[in-house]
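The next block holds one structure in the form of structure tokens; read it before the comments.
The values are calculated or read from the model by the stated rules, or taken from the named source; none is laboratory data. Just so we're clear, the structure is a prediction, and the values are computed from it rather than from any experiment. Virtual Cβ from ideal backbone geometry, glycine too; neighbours counted across all protein chains shown.
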Amino acid sequence: MSTLSVIYTLWLRQVKRYLRSRARIIGSLGQPLLFLVALGFGFGPIYQRAGGGDYMQFLAPGVIAMGILFTAVFSGIEIIWDRQFGFLKETLVAPVSRFHIMIGRTLGGATVASLQGVIVFMIAIIAGFRPAHYIMLPLALIFVFLIAILFTALGTAIASVLEDMQGFQLTMNFLVMPLFFLSGALFPLDGLPTAMIRVAQIDPLSYGVDGIRGTLVGGAHFGLAVDFLVLSMITALFLALGSYLFSKIQI
């Protein structure tokens, strides 16, 4: 079996597994929908009175990034699941490098997470969100896919060194919530205390949220070029780390 065939097979398996699980699709939309409704409509009047404008326009890009983040990171749990049920062993004995196996799984998880982001985007449209320039949607999709690859690779890296699902879930919750809440998804980064700005600057999700917000509604805090460059560099770093740790899996 060729390298491309293995990558394609693993990618297709991830996507089919996601599309077959209607409960998973619906369940994963619960949290983004709650944030859009509860925060979008709850804090909207307060945000508007403070001079911030339409809070739904500000919030929606952050919630889209949240949907991608959670789906991408938790795709790593499938490695632990496959290891426990023997499928991972069958995959690793294929006559291709573990790097290509990791790439196939990562692309599959990233595709699923990107689909999740697109679904959240459509829900945001229904809730009242309106992109400023529809012509920028292809660029927004690039940021969506970069976020998806980055955090799928992170989930893969962590799942490669853990052997139980409970440990993975606890570790992910410890990482994911700070990544999301400190990224500027829910509040503007302008005017924050210096310490908060510094934390946001080292949070990779900040650049993803800023990139999506900049392409959909304008006003990127860091600038789209900076967002793209930083995301690309961190994505490459996590792909390398995930590949290394995946190659060390003992079966």
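For the reader, a short list of remarks on this structure follows.
- Candidate set from segment 229-244 (those that are of a type in the set (Ser, Thr, Tyr) and surrounded by fewer than 18 Cβ atoms within 10 Å (Cβ to Cβ)); member that is farthest from the chain's Cα centre (by Cα): TYR244
- Residue in segment 34-47 that is in a helix (DSSP H, G or I), modelled with pLDDT under 75 and out of contact with any Leu (no Cβ under 8 Å at 6 or more places or on another chain) present: no
- Any chance ILE147 is closer than 14 Å to ILE64 by Cβ, part of a helix (DSSP H, G or I), among the β-branched types (Val, Ile, Thr) and without any contact (Cβ under 8 Å) to a residue 24 or more places away in the chain: no
- When each of ILE234, ILE197 is tested for being aliphatic (A, V, I, L, M), out of contact with any His (no Cβ under 6 Å at 6 or more places or on another chain) and over 25 Å from VAL112 (Cβ atoms), the lone residue that passes is ILE197.
- For first residues located in segment 220-244 and touching a residue at least 40 places away in the same chain (Cβ under 8 Å), partners that are in a helix (DSSP H, G or I) and surrounded by fewer than 19 Cβ atoms within 10 Å (Cβ to Cβ) and lie 6+ apart or on another chain with Cβ distances below 8 Å form the pairs LEU224/LEU139; PHE228/ILE142; SER243/ARG98; SER243/PHE99.
- In segment 1-15, residue modelled with the highest pLDDT [restricted to those that are more than 8 Å from GLY104 (Cβ to Cβ), part of a helix (DSSP H, G or I) and among the hydroxyl-bearing types (Ser, Thr, Tyr)]: SER5
- Number of the exception - LEU139 against (1) over 23 Å from GLY104 (Cα atoms); (2) out of contact with any Leu (no Cβ under 6 Å at 6 or more places or on another chain); (3) assigned to a loop (DSSP other than H, G, I, E, B): (3)
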